[in-house]
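Report on one structure; see the data block that follows.
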Amino acid sequence: MARRDKENYYLDIAETVLERSTCMRRMYGAIIVLNDEIVSTGYNGAPRGRKNCIDLGHCLRDTLGIPSGERYELCRSVHAEANAIISASRRDMIGATLYLAGRNGKTGELLTDTTACSMCRRLIINAGITKVGGRVGEDEYKIVHVRDWIFGDDSISLTL
């Protein structure tokens, strides 16, 4: 049996973490790794003490027909990346890699467009994380250097 490469090993762990997700639309798991040690994990779900969508039996954004990636203020969940960052100290994130995996909440299918949203990108930048690895296939992944998000700041090109 061939030994699993490290990126897929960490993405496999992120996939296990997403099994704790409470989102009915998209399930995400994230882990932060520094020097080959897992610093923290996170999955998407409602803030502590609040009811999760799976407990309520509905997703407001689904009910309203809001497309994925829009109107995050109506979502009950804290994103997986944000939860992983919240659970780690900054000194353990400087120079770290965040691994992110996602699945469709209804079908369980692997999401092949896994990436951090614009809000999570800001958190990742400020946390000092230098790379983000996203699963885009069963054994395929994409590594993004966070500096590309800094220098390729697409938020300044938006017009009102």
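The values are calculated or read from the model by the stated rules, or taken from the named source; none is laboratory data. Not measured: the values here are computed from a predicted model. Using ideal geometry, Cβ is built from the backbone for each residue, glycine included, and neighbour counts are taken over all protein chains shown. Ligands, DNA and RNA are excluded from the accessible area calculation, which covers all protein heavy atoms including side chains. Shrake-Rupley method; radii C 1.70, N 1.55, O 1.52, S 1.80 Å.
Here are the numbers for the structure shown:
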item	result
Count - residues of the stretch 111-134 that are touching a residue at least 40 places away in the same chain (Cβ under 8 Å), part of a loop (DSSP other than H, G, I, E, B) and out of contact with any His (no Cβ under 9 Å at 6 or more places or on another chain)	3
Top-ranked residue in the stretch 124-154 [being hydrophobic (A, V, I, L, M, F, W, C) and open to solvent by 80 Å² or more (accessible area, probe 1.4 Å); ranked as nearest to Glu81 (Cα to Cα)]	Ile150
Where Arg50 falls short, out of the listed (1) closer than 14 Å to Cys117 by Cβ; (2) surrounded by fewer than 13 Cβ atoms within 10 Å (Cβ to Cβ)	(1)
Candidate set from the stretch 70-106 (those that are open to solvent by 70 Å² or more (accessible area, probe 1.4 Å) and β-branched (Val, Ile, Thr)); member that is nearest to His58 (Cα to Cα)	Ile86
Inter-residue pairs, beta-carbon under 8 Å, first within 10 Å of Arg76 (Cβ to Cβ) and of a type outside the set (S, T, N, Q) and in the stretch 47-65, second at pLDDT below 90 and open to solvent by 100 Å² or more (accessible area, probe 1.4 Å), 6+ apart	Arg61/Arg71
Matching option when the condition is at pLDDT 90 or above and on the phi > 0 side of the Ramachandran plot, among Gly49, Gly102	Gly49
Pairs with Cβ under 6 Å, 6+ apart, first in the stretch 16-36 and among the charged types (D, E, K, R), second open to solvent by 20 Å² or more (accessible area, probe 1.4 Å)	Arg20/Tyr43; Arg25/Gly105; Arg26/Gly105
